[in-house]
Every structure is written in structure tokens, then in C-alpha cells.
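Chemist: Handing you a structure now.
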Amino acid sequence: AIVMANVAMFLLALLVPAITERLGMRPADVVEGLALWQPITYMFLHGGIFHILFNMLSLWMFGVELERMWGTQFFAKYYAVCGVGAALTTIVLAFSPFPFADGLYGTLTIGASGAGYGVLLAYGLYFPNRPIYMYMIFPIPAKYFVMIMGAISLLSSMGGPGGGIAHTTHLGGLVAGYLYLKGGRW
């Protein structure tokens, strides 16, 4: 259902491009304009075919097994917590004095990557030794793959917003997922 909702919103945004500005998440809009829906709706918008393809592929690859184990209701709740947590992280960091946060306040964020990183984290916690094929060649245990992806986002976020990738949002999804799972919500 999450994949279908993302595809439907992707197609709708192709037909009505202005929807991305209204439903994408911009900290300035959330704080000043009280666009309180944006920390939820931004997860269902994507910036291109490869953006949605890779987000939905990773959701399918790592999420299916978690959903089978947890049940659909808990998985959907976890996914939402990670996605909203990722958005809130971006909003909070937009007010921080760090150089990497300079452009966050007015920058539009879209995509399911924050929630996807939370799903990846859960996969790494539950199946730490399962191989994930990096670049479809190198088998890496899931726990190390999660660490590598988190480190890439951390180092990239310190370089500032750029390249159209919301690295702070990725980190927010990881942290939100970890806190939710470790907070006794098993």
C-alpha cells in the first residue's frame, strides 16, 4: 500500500507539478505558514523516476521481511514514525548554528528516503549478518551496510545541503527508527 501511494502521488505530481511545492516539506512553510501536513506528505513525493525507483526498491527489499515479522499495522506505524521523525530532524536542524544547516530552512525536501533509512536500520538490527550486495557485487553484512550508509549521510550532511540530497533527513530517519525500536516499541 505504501508503494502504491508513492507511485500514485508521483504520477499526480507529474500531472500537477505545483503539488510538490504545496505538499513537499520546507521548514519555513511548516514553522511560519503552519503547513503542519508537510512532515507527512513530503514522504510521498519524488523528484524523478530514479528517485522513486530506488526508494521503492529499498522499501521492498528491506521492508517486506520486517512487515511479515511485525505485521502490517506495526510496520506502517514504524515507517510513519521514521518519516515524520526525519522531517522533524530537518526542521530542528534548520535552526541550528552549524554551517551545514545554513540552507535547510528554505529548502524543499521530498522523498521517502528518511523513512527508508529507518527501515534499513531496522533490517540491520533484526538481520545483522544477512548479506546486502553493495553495487550488486560486494556482499556486506547488513549491520555494516547500515553503518556505511549512515556514515555517508553524516559526512555528506556536514558538507552542507547540496546535490539535491537531504542527508540530514536520512540521518533523522535512522535516529527516529532507532529511538522508536529501542524505546520498548518491539
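The values are calculated or read from the model by the stated rules, or taken from the named source; none is laboratory data. Quantities reported herein were computed from a predicted structural model and do not represent experimental measurements. All Cβ positions, glycine included, derive from the backbone under ideal geometry; neighbour counts span all protein chains shown. The accessibility values were calculated without ligands, DNA or RNA, using every heavy atom of the protein model including side chains. Shrake-Rupley method; radii C 1.70, N 1.55, O 1.52, S 1.80 Å.
Chemist: Tally up the residues in the range 92-139 that are under 24 Å from residue 51 (Cα atoms) and outside any strand (DSSP E or B), please.
Modeler: 28
Chemist: Filtering the range 24-36 down to residues that are surrounded by 13 or more Cβ atoms within 10 Å (Cβ to Cβ) and without any contact (Cβ under 8 Å) to a residue 24 or more places away in the chain, which residue is nearest to residue 8 (Cα to Cα)?
Modeler: Going residue by residue through the range 24-36, those that are surrounded by 13 or more Cβ atoms within 10 Å (Cβ to Cβ) are 24-31, 35.
Now restrict to residues that are without any contact (Cβ under 8 Å) to a residue 24 or more places away in the chain: 29, 35.
Working: 29: 24, 35: 22 Å.
It comes out as 35.
Chemist: Filter the range 37-51 down to residues that are in contact (Cβ under 8 Å) with a residue 60 or more places away in the chain and either over 20 Å from residue 123 (Cβ atoms) or touching an Asp or Glu at 6+ places or on another chain (Cβ under 8 Å) (or both) and give me whichever is surrounded by the fewest Cβ atoms within 10 Å (Cβ to Cβ).
Modeler: Step by step, filter the range 37-51, then rank; the result is 47.
Chemist: Condition first: of a type in the set (A, V, I, L, M, F, W, C) and either in contact with a Gly (Cβ under 7 Å, 6 or more places away or on another chain) or open to solvent by less than 30 Å² (accessible area, probe 1.4 Å) (or both). Now tell me which residues in the range 89-103 satisfy that. Break it down stepwise before answering.
Modeler: Just the residues of the range 89-103 that are of a type in the set (A, V, I, L, M, F, W, C), to begin with: 91-95, 98, 100-101.
Listed by number, the residues that qualify are 91, 94, 100, 101.
Chemist: State yes or no: is residue 54 under 17 Å from residue 169 (Cβ atoms), of a type outside the set (S, T, N, Q), open to solvent by 90 Å² or more (accessible area, probe 1.4 Å) and at pLDDT below 95?
Modeler: Criteria met by residue 54.
Chemist: Can you tell me which residue in the range 131-171 is most open to solvent (accessible area, probe 1.4 Å), limited to those that are at pLDDT below 85 and hydroxyl-bearing (Ser, Thr, Tyr)?
Modeler: So the residue we want is 135.
Chemist: Here is a follow-up. Note down all Cβ pairs under 7 Å where the first residue falls in the range 3-22 and is within 11 Å of residue 41 (Cα to Cα), the second is open to solvent by less than 90 Å² (accessible area, probe 1.4 Å) and part of a helix (DSSP H, G or I), and they're at least six residues apart or on different chains.
Modeler: 5/44; 6/44; 6/52; 6/56; 9/44; 19/12; 19/13; 20/13
Chemist: Given the conditions (1) farther than 22 Å from residue 4 by Cα; (2) surrounded by fewer than 22 Cβ atoms within 10 Å (Cβ to Cβ); (3) touching a residue at least 24 places away in the same chain (Cβ under 8 Å), report the number of the one that residue 128 does not fulfil.
Modeler: Condition not satisfied by residue 128: (3).
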